[in-house]
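Comments concern the structure below.
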Amino acid sequence: VDVVETASFGSFSTVLAKYEIPERSYELNVASASIARRVADDFATDGRARYVAGSIGPGTKLPSLGHIGFAELRDAYVDQARGLLDGGADLFLIETSMDLLQVKAAMQACRRAMREAGREVPIQVQVTMETTGRMLVGTEIGAAYAAIGAMRPDVSGINCATGPAE
């Protein structure tokens with residue numbers, strides 16, 4: 001493989017609060033990215049570079065449904081993004097997104113963390129679409145693509161929910 005993904009999908013304070021360890025977000029993300037970095041580097045013996053994708057999942061609370069405030073979610077993602085960068089991630093993978101406000105919060109957080117670290121990495125955004133052609137909160141694929149495109153990720157795509165036939 002050329003890209004190793006971190007095991008950090010739900011490693012931010014909003015999700016970790018369920019396990020009574022929200023303060024460990026940064027630490028867990030550094031560890032996750034560091035492990036992935038070591039693995040990627042171990043397999044870069046053939047002269048080809050290997051990369052680490054820092055996984056950022058949607059969490060358990062969606063801002064469009066009023067489960068969490070936008071700023072609170074963004075700030076939780078900032079800690080995660082800092083940890084992923086400090087652990088050696090080469091790109092951010094905002095994945096399985098069901099809510100455009102969640103995407104916006106995560107992208108703002110990644111950009112804030114990059115500014116603070118003085119290091120830029122690409123941002124990839126993947127939404128999850130139901131068989132209806134809509135995201136969980138009802139956004140149609142064309143509208144989702146237009147909204148996400150306006151936020152200027154480096155890569156956008158679809159993952160989860162539906163299979164290849166859909």
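Listed values, structure above:
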item: Among 99, 79, 42: highest mean-square fluctuation, GNM of the chain, C-alpha pairs under 10 Å; result: 42
item: In nm, spacing of pseudo-spin labels at residue 130 and residue 27 (7 Å Cα→C-beta vector); result: 3.9 nm
item: Mean separation of Cα contacts under 8 Å, 6 or more apart, over the residue count of segment 100-166: relative contact order %; result: 39 percent
item: Amide H contacts of residue 51 (H built 1.01 Å from N, under 5 Å, at least 5 apart or other chain); result: 3, 4
item: Between helix 141-150 and the chain: long-axis angle, C-alpha atoms, 0 to 90°, nearest 10; result: 50 degrees
item: Test item: Cα-centred dipole of segment 1-116, Lys/Arg +1 and Asp/Glu -1 on Cβ, debye; result: 260 debye
item: Linear extension gain, residue 45 paired with residue 20, 0.36 nm per residue minus alpha-carbon span; result: 5.0 nm
item: Solvent-accessible area, 1.4 Å probe, carbon plus sulfur percent, for the chain; result: 54 percent
item: Contact order normalised by residue count of segment 1-96, Cα under 8 Å, 6+ apart, percent; result: 40 percent
item: Inter-label distance, nm, simple model (7 Å from Cα along the C-beta direction), residue 67/residue 162; result: 2.2 nm
item: Dipole of the chain, positive end: most advanced residue of 68, 57, 94 [Cβ charges, Cα centre]; result: 68
item: Rounded to the nearest 10 Å², the accessible area of residue 39 at probe 1.4 Å; result: 60 Å²
item: Projected label distance in nm at residue 3 and residue 117, using a 7 Å step from Cα toward the beta-carbon; result: 1.5 nm
item: Antiparallel content of DSSP bridges confined to segment 51-166, in %, to 5; result: 5 percent
item: The chain - accessible surface per residue (Å², probe 1.4 Å); result: 50 Å²
item: For segment 102-112, 3J(HN,Hα) per residue [Karplus equation, 6.51 cos²θ - 1.76 cosθ + 1.60, θ = phi - 60°, Hz, x = Gly/Pro]; result: 5, 4, 4, 4, 5, 5, 4, 5, 4, 5, 5
item: Interchain or long-range residues, amide H under 5 Å from residue 97's placed H; result: 126, 127, 128
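The values are calculated or read from the model by the stated rules, or taken from the named source; none is laboratory data. Treat the numbers as computed from the prediction; the structure is a model and nothing was measured. Neighbour counts are summed over all protein chains in view; Cβ atoms, including those assigned to glycine, are modelled from backbone coordinates with ideal geometry. Heavy atoms of the whole protein, side chains included, go into the accessibility calculation; ligands, DNA and RNA do not. Shrake-Rupley method; radii C 1.70, N 1.55, O 1.52, S 1.80 Å.
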